[in-house]
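None of the figures in this text is laboratory data; all of them are computed from the coordinates on show. Bear in mind that the values here come from a model prediction, so they are computed numbers and not experimental data. Because the Cβ atoms are built from the backbone with ideal geometry, glycine has one as well, and the counts that use them run over all protein chains shown.
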Amino acid sequence: MSAMTDEELDQAFLALADPTRRSLLARLALGDATVGELAAPFAMSLQAVSKHLTVLEQAKLITRRRDAQRRPCSLNREAIGPLVDWLDAYRRRTEERFQRIDDLLARTDGSSPTP
């Protein structure tokens, strides 16, 4: 698993910002599917779903391949790892900051104003 550049992270998180694309990824986490299969639960055209898939593909979150007449889409599981790593590092930093605040509050008795 390699680290993602800031640009790649931006592109991936932008792709994930849309609830339809998140739903498509959730479906692909269950296994490969064609555009038609992915479009079935949505009240939108195949073309609209295909545009969402293009955004996910450009963000390297999915891959598409040709299998005879079918064009199945697959979740790119290798691309998910760096996103989880980034979020985990951010979560740890945030928790450390809150812990420092908690420590500071525990050391003060609250009766005197802080500068």
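Overview of values
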item: Linear extension gain, Thr63 paired with Thr20, 0.36 nm per residue minus alpha-carbon span; result: 13.8 nm
item: For the stretch 42-48, 3J(HN,Hα) per residue [Karplus equation, 6.51 cos²θ - 1.76 cosθ + 1.60, θ = phi - 60°, Hz, x = Gly/Pro]; result: 9, 8, 8, 6, 4, 5, 5
item: Label point distance in nm, Ala40-Asp10, each placed 7 Å from Cα along Cα→Cβ; result: 3.8 nm
